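Everything on this sheet refers to the single structure shown next.
The values are calculated or read from the model by the stated rules, or taken from the named source; none is laboratory data. Just so it is clear, the model here is predicted, and its values are computed rather than measured. Here the Cβ positions follow ideal geometry from the backbone for every residue, glycine too, while neighbour counts run over all protein chains shown. Ligands, DNA and RNA are excluded from the accessible area calculation, which covers all protein heavy atoms including side chains. Shrake-Rupley method; radii C 1.70, N 1.55, O 1.52, S 1.80 Å.
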Amino acid sequence: MKYQRSSQLFKEANAVIPGGVNSPVRAFKAVGGTPIFVKKAEGPYLYDEDGNRLIDYINSWGPMILGHAYKPVVEAVIDKAKKGTSFGMPTEIETKIAELAVSMVPNIDKIRFVNSGTEACMSAVRLARGFTGKEKIIKFAGCYHGHSDSFLIQAGSGAVTFGSPNSPGVTQGTAKDTLLAPYNNLEAVKAIFEANQNEIAAIIVEPVAGNMGCIPPVDGFLEGLRSLCDTHEAVLIFDEVMTGFRLAKGGVQELFGIKADIVCFGKVIGGGLPVGAFAARQEIMSHLAPEGPVYQAGTLSGNPLAMAAGHALLTALNEDDEVYERLAQKTAYLHKGISKALTTYTIKHTINRTGSMISIHFSDSPVVDFATAAHANNDRFKAFFHGMLDAGIYIAPSAFESWFITDALSYEDLDFTIAAVESVAKDL
């Protein structure tokens, strides 16, 4: 495939946008080459500025769960736009989507809408600190909760040490209140609690990780976090920005039967528009302004276009009792086909999958956390990425990202993808 127009557009973008992109992963730094500029999308397909059609496996990093340009969402946005695009005042659609979300997700009474997943996670941590009166939080290496200062922390010399900033602009003062543990390592979390008695406000975790590839929780991990939070009077925050309304109507809480105290949403809840949200039971949400002292605000929060898009998509998901089973079946079919194709050419690999999230790691060892994901053959992934792109398949341009399956994919699309994997595997 040729990407002359995309190359020219990237050159032009670099002149006025840092790195030529508005989110770093789009720059193809992890895989090399030139980013693809999209002109339009429909169903499971992207159409780029050079006229190429690509089968899409990132789906705007998750929200296009029923396909691009999904008609009910498009119509809802158009209808709202004709009546005004923003008011900075309450609208009925905010209450409607809030009622719908609360009815779908277990263990929440109220929800506050914001403008991004970053904002949702940042606000959830502030609320947890205000609710508990404690300052420190535990996060897991490889879990991404947005670019708020508290989350841009890497591990120190050990699991019980203070974190250190891994981005200039993040202060040591901020870093000292963020404690790091390896994902899926319950003993490390126990050690952190023991070393920081009565100081930890919350654990924040991607209950199914999606930012080091798809990494499911091992048996007992989430249950253990819940128990530790109960014992130490800390708040358990599930960052379901990716998984919420994607893995089940009620997200991971429903899928695994684990109760979180605060849940963060994004992606699907906005139907593809910029939206985030955080939700909890009334006891916790009553601490949030204007009802309580924990301040959070946003001029564009509850934007009517975003609320209309999210309401239309959640309604469709809520009314379809078979959609999540279809998604899981398609993902399992893809998993089986890709594994068979790679095995045919003795390519070492591990495939992780939960529901409609899946990722390929070029390693023959289990991938259970960031360290094991990083030890995979990521040079091989680069070759795989470009081979798939040349075959008309768009996957995430990083080995540390999940694929997201859309219900718009046909089994013909899946078979085409599997055939492409087999063709690419010959040269890996």
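Some observations on this one:
- Scoring VAL31 on the criteria (1) open to solvent by 20 Å² or more (accessible area, probe 1.4 Å); (2) at pLDDT below 95 leaves a single failure, condition (1).
- Long-range neighbours under 6 Å by Cβ, at least six apart or interchain, first residue of a type in the set (A, V, I, L, M) within the range 294-310, second assigned to a strand (DSSP E or B): VAL294/LEU288
- Matching option when the condition is closer than 16 Å to ALA309 by Cβ and among the β-branched types (Val, Ile, Thr), among ILE58, ILE93: ILE93
- Selection status of SER103, open to solvent by 60 Å² or more (accessible area, probe 1.4 Å), of a type in the set (Ser, Thr, Tyr) and either within 18 Å of the chain's Cα centre (by Cα) or modelled with pLDDT of 95 or more (or both): yes
- Looking at ILE153, ILE192, just one residue is in contact with a strand residue (DSSP E or B) (Cβ under 6 Å, 6 or more places away or on another chain) and modelled with pLDDT of 90 or more, and that residue is ILE192.
Okay, residues lined up against (1) open to solvent by 60 Å² or more (accessible area, probe 1.4 Å); (2) closer than 26 Å to VAL368 by Cβ:
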site	(1), (2)
THR91	no, no
THR95	yes, no
LYS136	no, yes
HIS147	yes, yes
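- Within the range 13-28, restricting attention to residues that are under 21 Å from GLY213 (Cβ atoms) and open to solvent by 60 Å² or more (accessible area, probe 1.4 Å), the residue that is modelled with the highest pLDDT is ARG26.
- Within the range 24-83, considering residues that are hydroxyl-bearing (Ser, Thr, Tyr) and in contact with a strand residue (DSSP E or B) (Cβ under 6 Å, 6 or more places away or on another chain), the one farthest from ASP407 (Cα to Cα): TYR47
- Residues (outside any helix (DSSP H, G or I), open to solvent by 10 Å² or more (accessible area, probe 1.4 Å) and either aromatic (Phe, Trp, Tyr) or within 21 Å of LEU66 (Cβ to Cβ) (or both)) located in the range 404-428: ASP407, ALA408, SER410
- Scope the range 9-52; condition of a type outside the set (Val, Ile, Thr), within 24 Å of MET357 (Cβ to Cβ), touching a residue at least 40 places away in the same chain (Cβ under 8 Å) and not in a helix (DSSP H, G or I); matching residues: PHE28, ALA30, PRO35, GLY43, PRO44, LEU46
- Test: VAL235 is among the aliphatic types (A, V, I, L, M) and under 19 Å from the mean Cα position of the chain (by Cα): no
- Within the range 363-386, the set of residues being part of a helix (DSSP H, G or I) and either open to solvent by 20 Å² or more (accessible area, probe 1.4 Å) or aliphatic (A, V, I, L, M) (or both) comprises PHE370, ALA371, THR372, ALA373, ALA374, ASN378, ASP379, ARG380, LYS382, ALA383, HIS386.
- Residue among SER148, SER123 that is among the hydroxyl-bearing types (Ser, Thr, Tyr) and at pLDDT below 95: SER148
- Note on the range 173-209: among residues that are assigned to a helix (DSSP H, G or I) and of a type in the set (Val, Ile, Thr), the one that is surrounded by the fewest Cβ atoms within 10 Å (Cβ to Cβ) is THR174.
- Filter pass, GLY84 being in a helix (DSSP H, G or I), at pLDDT 95 or above and either open to solvent by 40 Å² or more (accessible area, probe 1.4 Å) or not β-branched (Val, Ile, Thr) (or both): no
To keep it simple, each residue is scored yes or no on (1) in contact (Cβ under 8 Å) with a residue 12 or more places away in the chain; (2) touching a Pro at 6+ places or on another chain (Cβ under 9 Å).
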position: ASP369; (1), (2): yes, yes
position: THR372; (1), (2): no, yes
position: HIS375; (1), (2): yes, no
position: ALA391; (1), (2): yes, no
position: PRO397; (1), (2): yes, yes
position: LEU409; (1), (2): yes, yes
position: THR417; (1), (2): yes, no
position: VAL421; (1), (2): yes, no
position: ALA425; (1), (2): yes, no
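- The range 318-359 - residue that is free of Cβ contacts under 8 Å to residues at least 60 places away in the same chain and among the β-branched types (Val, Ile, Thr) and, of those, surrounded by the most Cβ atoms within 10 Å (Cβ to Cβ): THR350
- Those residues of the range 63-73 which are open to solvent by 60 Å² or more (accessible area, probe 1.4 Å) and either touching a Ser or Thr at 6+ places or on another chain (Cβ under 9 Å) or not small (Gly, Ala, Ser) (or both), in sequence order: TYR70, LYS71
- Checking the range 234-247 against the condition returns no match, with no residue being surrounded by fewer than 22 Cβ atoms within 10 Å (Cβ to Cβ), not in a strand (DSSP E or B) and not acidic (Asp, Glu).
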